[in-house]
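**Student:** The structure's right below; bear with me while I get my questions together.
Nothing in this text is a laboratory measurement; each read-out follows from the coordinates by a stated rule. Not measured: the values here are computed from a predicted model. Ideal geometry is used to build each Cβ from the backbone, glycine not excepted, and the neighbour counts take in all protein chains shown.
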Amino acid sequence: MSGDPFLELKREAYRWLSDERARAGMERASASFEASRRLLEGNAYVEELAREVREVKRRALRELESLVARARESLERNGAHVVVARTRDDALRAVGDIVGSGKLVVKSKSIVTEELGLREYLRGLGNEVWETDLGEFLLQISGNRPSHFVAVSMHLPREEVLDLLREKLNYRGPGDVPSMVGAVREFLRDRIMRADVGITGANAVAAEDGAVVQVENEGNARLTGTVPPVNVVVTGIDKVVPTLVDAFRVALLESYYVGGTPPTYVNVTSGPSGTRDVEHVLVRPAQGAKEMHVVLVDNGRSAALGTPLEEVLACIRCGSCQLACPVLTTVGPAWSSGAYMGGIGVLWTAITMGAGAARPLADMCAECRVCEEYCPMGIRVGLLAGEIKRGAGQT
Amino acid sequence: MLDKRSVVGFILDNLRRTGDPLAATGEELSSWAAGVPRPPSEYLIYTGHLYQLVPRMRASIGALRAIDSSPGSGLVLRLGRLAAGALSIAPDGGLSSRVSAMLRNAHDLLRASGIEASYAGPSEPYSGILLHDLGLVDPFREQARRVLDFLEASRARVVVTLDPHTTYALRELYPKYVGSPPEVRHILELVDPSAVTRRAGVGAEDLKVHDSCLLAKALGLHGRLREVLSSAGYRVHEPARSGTRTFCCGGPLSSLFPRVAAEISRRRMEQLSALPGIAVSACPVCLANLGALGEVMDWLEVVEAGRR
Ligand code: SF4
């Protein structure tokens, strides 16, 4: 280790560059992205949705502090326990207190939990933790970092997945994708059914209604949030919007921008499961989770309000900019601080880890600014990454 | 493998010693301009050295890539005092004469559009854009001030720029860092499309355009480029990624991450290879990078003054 962050970044980039399989995976992912983006061309409905979400987010950021307080009240009224965590350590401690040790924990995909390093933290407390999103699961067993917000494992082509499953799950089936997916499904189903705690993320949190909205296609988040007796939602305060209708809009837009299609599942959770079907007496749980906890993470977000980075808080993490980026789709997970990759990753790194941590990453931004052409929220990703390169936000 | 300090040191050292980031000589910078009038005049061509640097860019891209790929790449190499000699960036002669022809053509195209422009010769200072792109704020500001003084002293009313990087620097960055120069016009904004024709000797009627990111996104001149090319009589083909959604040539990363830049260039060339005709760009950085991998021409090589 040289200790020079620039050289470390360069070494990592060159390592991925020499990985033929990873490059093949990323080329395939970029090509399929282009195809799904073409589905959106001239789609007036999605364009209108994007316009509405830009407006929703703009309003939400203007009154974020009061919206977070409102969300807390509403969620608590609905029977959830809420923690607003100021720092990364506060957030980890809050989840650690809920989970304890010696538990079987299942997780659905959540960028904020990557930001916190939650899986490693919970394992350090003596818990067994499994990612239930297929891509995240593959990253977990391969020890790799994500290369995209949504298509987290786009640098792992099928050949690599087969090798991984053979080595880590003792898989002996054929190498076609459906068979491999089937094997992982069986493995994870077993863990979900036996889990003590299910950790989920959120695409949006409705302050007025006290509800958490999450989109997904695999169905794992729905199971993770409802089958284990305890559900912990971990998300950023930037996800709070005024109403459930607003939250739906955010979730739908994210889904359209990721894959060009509506989501297979939209999960709305407003509290723990319960029934009053017998004599109107509330009994928890019925079929879903008995407890619901929501950890709203600040970790630098409110400090970004009123700075040039404020517009980044409107990011819905669709990853559209990332798949359009010539650099990220070339070097993959090398250009990342862990949870945040690419040009938008430079910006989220600046928010959650400080401009000092983001600056070396900014050297890799070509400032072509093509990312901005693909962003539904109109975030000036390349422009701001360039400003960080030139020392913005440094004291 | 080169660290950032070495690359930056090399560039700053060249600039201090020679006034040019890649140590181009006065002869290399200005030999194209034989017969072009000197200032003062209403219109001043400001090249910012960028087209003239294509041969040195091409050579340095290769040299930097070779250093980063060498078997001893575990070793951190400091260029520091090694300077230009060690980083053999002797410009290639064929490319130099191509660039001279492009610049002369730029002057002729302006003339055919009714604009008599002058050029200052070897005293024209470098724009500083590379310093900005490397994040070197203070050296950029210093260089920009030098250019601003030069432009003001020239007494030109309109500064004519030839490439998107220099145009962007003068138009968007200088006002932010040091103050506004006189009116800046990119040559594509001045050339009359009806006064251009296909250049004699270009063996194809089909062109595929690679848009420079800055030309399209920051300057919005991609439409104008097509207008000029079509008006000259070419059939223009569009890659899937074009206009403001173009795909970078890799150039901006060629000094700090040369192997990443090379791979991005390769991907772009592959995208272009799916289309018929000659690949054309309107940017010296794209020409230096993409042209290293296959046939790419600049728009100033495919059109000339004349009516169809
Ligand atoms: S910056 Fe824009 S395109 Fe990129 S992830 Fe965020 S919302 Fe999506």
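**Student:** Taking the protein assembly as shown, how much of its Cα-Cα pair set, in percent, is spaced more than 40 angstrom apart?
**Tutor:** Working: 91385 of 246753 pairs.
The share of Cα pairs beyond 40 Å in the protein assembly as shown comes to 37 percent.
**Student:** Now, a different point. Which far-off residues, 5 or more places away or on another chain, put their amide H under 5 Å from the one on residue B:303, with H placed in the peptide plane?
**Tutor:** Long-range HN contacts for residue B:303: B:199.
**Student:** With the cut-off at 38 Å, report for chain B the share of all Cα pairs above it, as a whole percent. Could the numbers behind the result be given before it?
**Tutor:** Working: 4456 of 47278 pairs.
Within chain B, distances greater than 38 Å cover 9 percent of Cα pairs.
**Student:** Out of the stretch A:140-209, which trypsin sites (Lys or Arg not before Pro) are coil in DSSP terms and have no more than 13 other C-beta atoms within 10 Å?
**Tutor:** Within the stretch A:140-209, the qualifying trypsin sites (Lys or Arg not before Pro) (loop, at most 13 other Cβ atoms within 10 Å) are A:172.
**Student:** While we're here: Considering only DSSP beta bridges where both residues belong to the stretch B:193-305, give the percentage that are antiparallel (nearest 5).
**Tutor:** Numbers: 3 of 12 bridges.
The antiparallel proportion sits near 25 percent.
**Student:** Can you pull out the trypsin sites (Lys or Arg not before Pro) in the stretch A:277-321 that DSSP calls coil and that have at most 15 other Cβ atoms within 10 Å?
**Tutor:** Passing sites in the stretch A:277-321 are A:290.
**Student:** With an 8 Å cut-off on Cα pairs and a minimum separation of 6 or more residues, tell me the relative contact order of chain A in percent.
**Tutor:** The normalised contact order for chain A reaches 21 percent.
**Student:** Tell me the mean residue ellipticity at 222 nm calculated for chain B from its helices only (DSSP H runs of n ≥ 4, each -39500 (n - 2.57), averaged over every residue, nearest 500). Don't skip to the end; give the middle numbers.
**Tutor:** On the way: 14 runs with 134 residues, N = 308.
The helix contribution divided over chain B gives -12500 deg cm²/dmol.
**Student:** Cross-link list A:239/A:290; A:57/B:217; A:109/A:290; A:107/A:290; A:10/B:4; A:57/A:109: which exceed 19 angstrom alpha carbon to alpha carbon?
**Tutor:** Table pairs above 19 Å Cα-Cα are A:239/A:290; A:57/B:217; A:109/A:290; A:57/A:109.
**Student:** Would you mind checking which residues have amide H under 5 Å from residue A:129's amide H? H placed 1.01 Å from N; only 5 or more apart, or other chain.
**Tutor:** A:105
**Student:** Report the residue, chosen from B:196, B:159, B:137, that carries the largest GNM mean-square fluctuation when chain B is represented by alpha-carbon nodes joined by springs under 10 Å.
**Tutor:** B:137
**Student:** Rank the residues A:377, A:292 as a footprinting-exposure proxy: fewest other Cβ atoms within 10 Å of their Cβ go first.
**Tutor:** Listing A:377, A:292 from fewest to most nearby Cβ atoms yields A:377, A:292.
**Student:** So what's the back-of-envelope 222 nm ellipticity for chain A, counting only DSSP H runs of four-plus at -39500 (n - 2.57) apiece and dividing by all residues, rounded to 500?
**Tutor:** Computed mean residue ellipticity for chain A: -15000 deg cm²/dmol.
**Student:** Where both residues lie in the protein assembly as shown, what percent of DSSP beta bridges are antiparallel, nearest 5?
**Tutor:** Counting DSSP beta bridges with both partners in the protein assembly as shown, the antiparallel share is about 20 percent.
**Student:** Quick one: work out the % antiparallel among DSSP beta bridges in chain B, nearest 5.
**Tutor:** Restricted to chain B, the bridges split so that about 10 percent are antiparallel.
**Student:** Grab the alpha carbons of the stretch A:45-299, take their convex hull, and tell me the volume per residue in Å³.
**Tutor:** 134 Å³
**Student:** How well do other chains shield peptide B:257-267, expressed as the mean number of their Cβ atoms within 10 Å of each residue Cβ? Before the final figure, lay out the partial values.
**Tutor:** Details: counts 13, 2, 7, 13, 4, 2, 9, 7, 1, 1, 6.
Rounded to a whole number, the mean comes out at 6.
**Student:** Just to be sure I understand: with springs between alpha-carbon atoms less than 10 Å apart, which residue in B:20, B:149, B:206 has the highest mean-square fluctuation in the Gaussian network model of chain B?
**Tutor:** Looking only at B:20, B:149, B:206, the largest GNM fluctuation is found for B:149.
**Student:** Continuing with this model, one more query. So, how do all the Cα-to-Cα distances of the stretch B:253-308 break down into 5 Å bins, in percent, from 0 on up?
**Tutor:** Cα pair-distance distribution for the stretch B:253-308, in percent: 4, 18, 26, 22, 14, 8, 4, 2, 1.
**Student:** Mind checking the stretch A:237-285 for trypsin sites (Lys or Arg not before Pro) that DSSP puts in a loop (not H, G, I, E or B) and that have at most 12 other Cβ atoms within 10 Å?
**Tutor:** Here the trypsin sites (Lys or Arg not before Pro) that fit, given the DSSP loop and packing criteria, are A:276.
**Student:** Using Cα positions and a limit of under 18 Å, work out the aspartates and glutamates in reach of residue A:103, with same-chain residues fewer than 8 apart set aside.
**Tutor:** Partners found: A:120, A:128, A:131, A:190, A:196, A:291.
**Student:** Based on other C-beta atoms within 10 Å, arrange A:192, A:388, A:237, B:264 from fewest to most. Don't jump to the answer; show the numbers that get you there.
**Tutor:** Details: A:192 19, A:388 25, A:237 22, B:264 28.
By the 10 Å Cβ count, ascending, the order reads A:192, A:237, A:388, B:264.
**Student:** Taking each residue of B:235-248 in turn, how many C-beta atoms of other protein chains fall within 10 Å of its C-beta, and what is the average? Intermediate results must be reported in sequence, preceding the final value.
**Tutor:** On the way: counts 0, 0, 0, 0, 0, 3, 5, 0, 1, 4, 6, 4, 7, 9.
Rounded to a whole number, the mean comes out at 3.
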